[in-house]
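First up is the structure itself, then whatever we jot down about it.
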Amino acid sequence: FGLRYGGSRKNKGVAIVPRKGRKAVGNPSKKVFAVEAVNEKMEDISSTKIRDAFAKGKYDVARDLIGGCVLRYCAEQELFGCTMAKVKAFLTTTVEPKKETSSSPNDGKGKQKAGDSKSTGAGEGNSESDNGGSSPVYIFISCSRLISEWRTVPKKILEGRSLFFFGSKRKWLFPETEPDVKEARRQPGRYHLMDKELLELIKRKDAKGQVHFLKAPDLKYKLYPGPPDPNAYQRVSDWLTKTSFDGKPLGLKPLVLDDKYWKRNDALKLRHVSSGAKVVRNYQNGFHDYGEVIELLEHSNPGGACIP
């Protein structure tokens, strides 16, 4: 739920998120807006949980509850026993790839098209990505979240074996014409206000082939979710398999774009969405819903891709 008033950064108003089982009451005339449809994660947010996360040093939980900007402020001001050194040390040691045991139909030998019923290597039990036993590949999927939290991420991760997979267009970050500038400024990500240091980092990684923008430059996008682009995730899959770091392939495998695989709900271990059909809808239409994207990446490269 976002609030935006023209180009101003002030007077955006307040969004009220009700607790579980309760209903919020807003007053739009005073820019107080009630959130009606709330996901389970937001419903469970409470000050008690936030204080508990700080007390136990669970800074990943704190970040999910209050956001990267607030976590960084708390660390800089050394509030609740939190410091920048503690946060960076914790995130560096805990952001590791999850080891999956469910088999993936991906044997890395070929491409799959969205809707293709012939999975490559189905049932072969390929449970780990062949990245040469090296350190994990970190895949950041949200540009807007990176904008607010990138200074809480250790530099060795941002500059190292990490990829940026954004749901935007490249020209929203790097406009070349006046129409590009106008289109970029219409986006809720407010990319034109991005920290120049972060923008330079993205530019450097983009030059190395370590950044992918999901939306095609000519996609007629106005509002979420936008028009469908059935070829979008095949482009993503091709990009992933070609990525490298320091001249060495990262060893990532193609995306699992097999509808039949995702519709085996009873056999899948889904952690971010309620059904595989949602993942299929996401990649068939070229959307960038976070839960669906994370599920797709983790199943395609179990043990080899990490999504902070």
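The values are calculated or read from the model by the stated rules, or taken from the named source; none is laboratory data. Owing to the predicted nature of the structure, the values given are computational and were not obtained by experimental measurement. Here the Cβ positions follow ideal geometry from the backbone for every residue, glycine too, while neighbour counts run over all protein chains shown. Quick note on the areas: whole protein, heavy atoms, side chains included, nothing else; ligands and nucleic acids left out. Shrake-Rupley method; radii C 1.70, N 1.55, O 1.52, S 1.80 Å.
Some observations on this one:
- Enumeration of residues in segment 202-233 that are open to solvent by less than 40 Å² (accessible area, probe 1.4 Å) and among the polar types (S, T, N, Q): Gln210
- Some residue of segment 200-212 being over 21 Å from Phe164 (Cβ atoms) and under 17 Å from the mean Cα position of the chain (by Cα): no
- Any chance Val279 is surrounded by 17 or more Cβ atoms within 10 Å (Cβ to Cβ), assigned to a helix (DSSP H, G or I) and without any contact (Cβ under 8 Å) to a residue 24 or more places away in the chain: yes
- Flag if Lys30 is open to solvent by 50 Å² or more (accessible area, probe 1.4 Å), of a type in the set (D, E, K, R) and modelled with pLDDT under 75: no
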